[in-house]
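The values are calculated or read from the model by the stated rules, or taken from the named source; none is laboratory data. As the structure is a prediction and not an experimental result, all values here were calculated from the model. Every residue, glycine as well, gets a Cβ built from its backbone with ideal geometry; the counts of neighbours run over all protein chains shown.
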Amino acid sequence: GGAGGAATCTACSLDESAWTGGKRATTEVVEEHLISHQLKVAAETRKNVVIALIFVISTIAQVYVGVKCISFSGLWKQSSQTMAAQGALMGVCVFFINVEAWVAKRLINASTAEVGHLVPEFHPHALFFHADVPNHHCDLCRCRAKQVYRCPLCDFDACPACFNKKDKATGEGVLRGDKGIKSTGSLSHSEYLARGLKLAAPHLPLFCLALFCVTGTSVLNLFLPNFQGQIFDHVINGTFACGTDGPNHRSLCDQAHSAFIDVVLLYLACSVVLGFLGGVRSLCFNLIGRQITVSVRNTLFRSVIVQDIAFFDGMRTGDLTQRMTSDVRAMVAPVTTTLSTLISNSMLLLGGVIMCFVTSWRLSMVAYTTVLPIMHVTEAYAIWSGKKNRQIFQHYADASAQTTEAITNIRTVRSVSSEELEQDKVGDFLSKALRKGIQDAFLGAFSAAFNNYLDLGAGVLILWYGGAIAMKGDGSITVGSLIRYQLYWNMINNSWQALNNLLNSFTRAAGAAERVLSLVDLTPDIPRDKGRSVDELPSWTLTLRDVGFRYQMRPQQTVLNGLSLTVEAGTVCALVGRSG
C-alpha cells in the first residue's frame, strides 16, 4: 500500500453482480481496478519526486544548523546558561526538521496509497491488484496468471477469474470441514502479541532471566566506550607525567599509573560480566525458542491429524508441510532472535544518543546531519530491492520447476526432440533473474557508496572539529573524550542498521502465525471425542435409502445418486467403482 503508508480498504459485498455489472463472472479484470492501478503507477512517480525534494530540503536545513553550531558562539563564554538554552533550541530545530519531513512523507504515502479490495467472505485481508506479476499461480485454481490480486500479509494470490467469482468452494488451500468452508479471521499485531505471550507463559522465569541479561549487556555496552576513553586519557597523562622531569615527577607518574590500572581493571571486570551475561542470554532465548517450537509443532500436528477428510481433500500436502515447518520457524523467530535484537539495539541507540550529547552536544549536532539522508536512502533501497528480489527468487523457482518437469519427463522430451525448447525455457528464466540481479547489484552499490560517503563524511567532521577543540587544551574535550565519542557514534550506526533490518520481521511473523494458529484453532465438524460410547458390539442391520453424494472440491460431479441398499448384520458390503 505504499512505502510507509497505511493502505486503505473498501469493504466489498460477496454479490457477484456488484463486481461484474450484473453479468456473469469472467476472467477479465474489472475496469475500475485497472484504472485504479494505472492511477497508482502514475502517482508513484510523482510521489517519489516530491519525497526526494523534501529529503534534499531537510538535509540542507540540518547541515545549516550543524554548521551554525560550530561557527556560532554568542554569549556562551560569558554565560553557560545561555549556551545551554541556545544549544537546546538548536537541537529542537533539528528534531522538528526530522519530524516535519517524516510527517510530510507519511501524508504523501497515505494520499497516494492504493485502495485495497476487502472481501471478508473471500479472504480475511485486503487484496491488491498487480498488473504484471511474473510466473505466478492462483492459489485457488492453480492456473498461471500474470495479473493477480495479492495479499501482502499471507502471500495469497487469486487470478481475475477466481476473484470475480468470489467462490472458494472448489478452491485448494482453503480451510474446510465436513460441513463446508471454515471462516478464519485476521490476526492483528495485538492478538499476535497476546498469543505470543501465552506461548511464552510456561517459560516465564527463563524469559525474565533472558530479558534481565539483555538489559545488563546493553547497559554494560554503554559503559565500555566511556572506560576506553578514560584509558586513553590516562595513557596520555601518564606519558606526559612520566616523560618530564620535575619536583613531583615520581609522584605524578605513580598517580597516573595507578589511575590507569584502576580503569583497566574496571574495564576487565565489565568485559567478564558482559561475556557471561551474553552467554546466558543466548542460552535462555535458544532454550525458549526450541521449547516453543516443539510445543507449537506438536500442537499443530495434533490439530491437523484429527481434521475431517474434507480438510485434506482441499489442502495441498506442500502447504501443510510448509505451515508445520517454515511458518512455525518464522512465527517463533521473534522470540529467539528478533526480540533480543530489538530490545538490545533500542537501548544502545537511545543510550548512545544520550552519551554523545553528554560528551559534546556540538559534535552531535554536526554528526546527526547525516542521519536523515542515510535513513531515507536505506529505506528507499530496501523497498525497491525487496520487490526486485522477490521477482528474482520467483524466476529461480520457475527455472527449478521447469528443470524438474523436464528431467521427470525425460522420455517424453526425447521422444518429441524438445531438448532445445526445454533449454530455452530454463535459460529464459535464468536470464531474467540475472538481469534483475545485475540491476539490484548496481543500485545496491550506489546506495552503499552514498551511505558510506555520508558516514565517512560525518566521521571526518567529528575528528576534524573535535580534534581542533582537543588541541586547544581548554579541557572542553580531551583526546579520550573524542575517541569515546567516535565509539558511541559507531554504536549508534550499528544499532540503527540492526533495527532497520527488523522492519518487516514482525509483519512476516504475524502472517506466519496467522497461518499456523488458524490450523491450531480449527475444530473438525465430526469430533472424535463426541457421541455415545458402546460397551458391547450390537447386532445391527444397516439400511441406506436414496443416498446422494458429491465431493466438496467437485460439486458438479455426482458420485452417488439415489443409492439404496441394505447390509445385513454379520455381512460385509463394498461399493466398487472408478477412482474419484
key: Candidates G457, G467 - the one that is assigned by the TED database to the domain that holds P373 and either of a type in the set (D, E) or within 34 Å of the chain's Cα centre (by Cα) (or both)   = G457
request  = Please list, ordered by first then second residue, the pairs with beta carbon atoms under 8 Å, 6 or more apart or interchain, first in segment 451-466 and touching a residue at least 40 places away in the same chain (Cβ under 8 Å) and part of a helix (DSSP H, G or I), second aromatic (F, W, Y) and surrounded by 16 or more Cβ atoms within 10 Å (Cβ to Cβ).
outcome  = A458/W489; I462/Y485; I462/W489; G466/Y485
query = Which residues, taken from segment 345-371, are buried (at least 17 other Cβ atoms within 10 Å of the Cβ) and either of a type in the set (A, V, I, L, M) or not assigned by the TED database to the domain that holds G229 (or both)?
reply = M347, L348, L349, V353, M355, L363, M365, V366, A367, V371
request  = Name every residue in segment 350-363 that is over 30 Å from the mean Cα position of the chain (by Cα) and in contact (Cβ under 8 Å) with a residue 12 or more places away in the chain, in order of residue number.
outcome  = F357, T359, S360, W361, R362, L363
request  = Give the residues of segment 431-454 that are of a type in the set (K, R) and either at pLDDT 85 or above or loosely packed, with under 12 Cβ neighbours inside 10 Å (or both), sorted by residue number.
outcome  = R435
task = Check segment 182-195 and report whether any residue there is at pLDDT 75 or above and either surrounded by fewer than 16 Cβ atoms within 10 Å (Cβ to Cβ) or of a type in the set (F, W, Y) (or both).
result = yes
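Go over the candidates E32, E100 one by one and state the one that is surrounded by fewer than 17 Cβ atoms within 10 Å (Cβ to Cβ), modelled with pLDDT under 75 and either out of contact with any Cys (no Cβ under 6 Å at 6 or more places or on another chain) or within 21 Å of R362 (Cβ to Cβ) (or both).
Numbers: E100 fails: modelled with pLDDT under 75.
Answer to the check: E32.
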query = Among the residues of segment 198-210, is any surrounded by 14 or more Cβ atoms within 10 Å (Cβ to Cβ) and touching a Ser or Thr at 6+ places or on another chain (Cβ under 6 Å)?
reply = no
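What about A406, is it without any contact (Cβ under 8 Å) to a residue 60 or more places away in the chain, out of contact with any Asp or Glu (no Cβ under 8 Å at 6 or more places or on another chain) and part of a helix (DSSP H, G or I)?
Numbers: without any contact (Cβ under 8 Å) to a residue 60 or more places away in the chain: yes; out of contact with any Asp or Glu (no Cβ under 8 Å at 6 or more places or on another chain): no; part of a helix (DSSP H, G or I): yes.
Answer is no for this residue.
Here is a yes/no grid of residues against (1) in a loop (DSSP other than H, G, I, E, B); (2) among the basic types (K, R); (3) surrounded by 10 or more Cβ atoms within 10 Å (Cβ to Cβ); (4) free of Cβ contacts under 8 Å to residues at least 40 places away in the same chain:
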residue: D525; (1), (2), (3), (4): yes, no, yes, no
residue: K530; (1), (2), (3), (4): yes, yes, no, yes
residue: E536; (1), (2), (3), (4): yes, no, no, yes
residue: T543; (1), (2), (3), (4): no, no, yes, yes
residue: V547; (1), (2), (3), (4): no, no, yes, yes
residue: S564; (1), (2), (3), (4): no, no, no, yes
request  = Taking V214 as meeting all but one of (1) among the β-branched types (V, I, T); (2) within 26 Å of L348 (Cα to Cα); (3) in contact with a Leu (Cβ under 8 Å, 6 or more places away or on another chain), write down the number of the exception.
outcome  = (3)
task = Go through segment 294-319 and give me each residue that's touching a residue at least 40 places away in the same chain (Cβ under 8 Å) and under 17 Å from E514 (Cα atoms).
result = S295, V296, T299, L300, S303, V304, M315, D319
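Tell me which residues, restricted to segment 237-295, are of a type in the set (S, T, N, Q), surrounded by fewer than 17 Cβ atoms within 10 Å (Cβ to Cβ) and within 29 Å of T325 (Cβ to Cβ). Write out each step before concluding.
So the first thing to find is which residues in segment 237-295 are of a type in the set (S, T, N, Q), and the list is 237, 239, 244, 248, 251, 255, 258, 271, 282, 286, 291, 293, 295.
Next, only the ones that are surrounded by fewer than 17 Cβ atoms within 10 Å (Cβ to Cβ) stay: 239, 244, 248, 251, 255, 258, 271, 282, 286, 295.
S282, N286, S295 - these are the residues of segment 237-295 that are of a type in the set (S, T, N, Q), surrounded by fewer than 17 Cβ atoms within 10 Å (Cβ to Cβ) and within 29 Å of T325 (Cβ to Cβ).
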